[in-house]
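Below you'll find the structure, written out as C-alpha cells, and then a few comments.
A short reminder: the numbers here are calculations on the coordinates, not readings from a lab. What you are looking at is a predicted structure, and each value in this text was computed from that prediction instead of being measured. Cβ coordinates were reconstructed from backbone atoms using ideal geometry, including for glycine residues, and neighbour counts include every protein chain displayed.
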Amino acid sequence: MSCSTPEVPSVVLDALMPNARRLVTNRRGSTVWEVFGPRGHYAVKLGYPIAATADWPAQPWTALAPAREAAVLHRLGFDVIAYGEWEHGTWNFQPWHEGPDLHRLWEPCREPDPVITPHTSVALGCVEALAELHSKGWAHGDVQPAHFIIGPERTHLIDLALARGGYVPQGYDFPFRGCLVHYEAPEIARSVLATGEAEPTQQADIYALGATLLISATGWRAVEYPDDAPRPVQRQAVANGRRRPVKAPGELGELIDAMLSHTPEDRPTIYELGKALS
C-alpha cells in the first residue's frame, strides 16, 4: 500500500453518516479517525499491511488488528462495536472516549521544576481499568501511556488488538510478537528474542503499567539503552534487567519499583495495587 493516508471506507461512511471527521493517528499499518455524526461520536480504525523496508521486515498482521480488536471487544461484552474488511485490510468503529491520555495529562509533572506531582487518584483509575480486563481472564498485551484515556467519569483502557484470554476467529488472529519495548516485561523480551513470539500475561501487564506510570511521571524509560538502538538490542537490555536508577516522586515510587520487578511472581497483582492506592 502507498504511504498516502487511507480514506474511511464507504461502508463505514454509510453506517455512520458522518458530518465531520478528523484524522487522529496515521502510522505504519494503522490510521485512526475521530468521526462525528447523527449516530454518535466514534473512533474509526483502519488496518493495512506494512511493506518490508531495509530496516523493517514486512508486517502483514497490522491489516487484521482492527477486526481482531473488535472480536475481543465483542467477547468482553461490548456489543456496539462493528467491524469488517476493506480493500487493504480490516476496520472497526467504536465509541469515542473523551479525555487526554496519561502521558499528556501528566506532562506538567515532567517539567524541570514541576509544581505538581503525579496524583495517586489518576494511577488508581488506570489500575481499575486494567483490573476490569484482568477480572474477565484477559491480558492486554500492549499497556502503554497512550492507551489510558483519562475521562471525566472514569479511565478507559483502549487498543485491545493484542489482548489474549478468549476465543478470537482464526481468520483475524495472529501471533503476539511483542509490543513497544519501553513497556515490555523481561520474560516477554526473552521469549521474543528466542522464538519471535510470546504469550501476554497479566504479570507482564503489571510490569508494563509500572513502566507506563514511570515514563508518564518522570519522562524516563524503565530500562536503559541508546535511543537509536535496534529493537533486538533494546529487547536484550530489557531481558537483562538493565534498570535505570529512576524513581517516581511521591508515594507511587515504591509501588512502581515493585511492579518493575524482574521476576513476574514478585510483582504485585492488580488487586494489591488497587488496595494500596485506595
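Here are the numbers for the structure shown:
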read-out	value
Least to most buried among 126, 109 (fewest other Cβ within 10 Å first)	109, 126
Virtual spin-label span in nm between residue 177 and residue 263, 7 Å along Cα→Cβ	3.3
Cβ crowding within 10 Å averaged over residues, with 114-124, 186-196 ranked highest first	186-196, 114-124
Sites residue 24 and residue 242 - FRET efficiency at Förster radius 35 Å, r taken between beta-carbons, to 0.05	0.55
Neighbour count of at most 13 Cβ within 10 Å plus DSSP loop: longest chymotrypsin sites (Phe, Trp or Tyr not before Pro)-free window in the chain	168-278
Dipole axis of region 10-95 (+1 Lys, Arg; -1 Asp, Glu on Cβ), positive-most option in 70, 23, 10	23
Point-to-point label distance, residue 59-residue 194, nm (Cα→Cβ direction, 7 Å offset)	2.5
Length gained when the stretch residue 278-residue 119 is fully extended (0.36 nm per residue, less Cα-Cα span)	56.0 nm
Ratio of Rg to Rh over the chain (Cα coordinates, Kirkwood Rh, two decimals)	0.96
Residues residue 227 and residue 254, FRET efficiency given R0 of 35 Å [Cβ-Cβ distance, rounded to 0.05]	0.80
Pairwise label distance in nanometres, residue 170 with residue 132, each label 7 Å out on the Cα-Cβ vector	3.3
For the chain, calculated [θ]222 nm from helices alone, where every DSSP H run of n ≥ 4 adds -39500 (n - 2.57)	-9500 deg cm²/dmol
Over the chain, relative contact order from alpha-carbon pairs under 8 Å, at least 6 apart, %	15
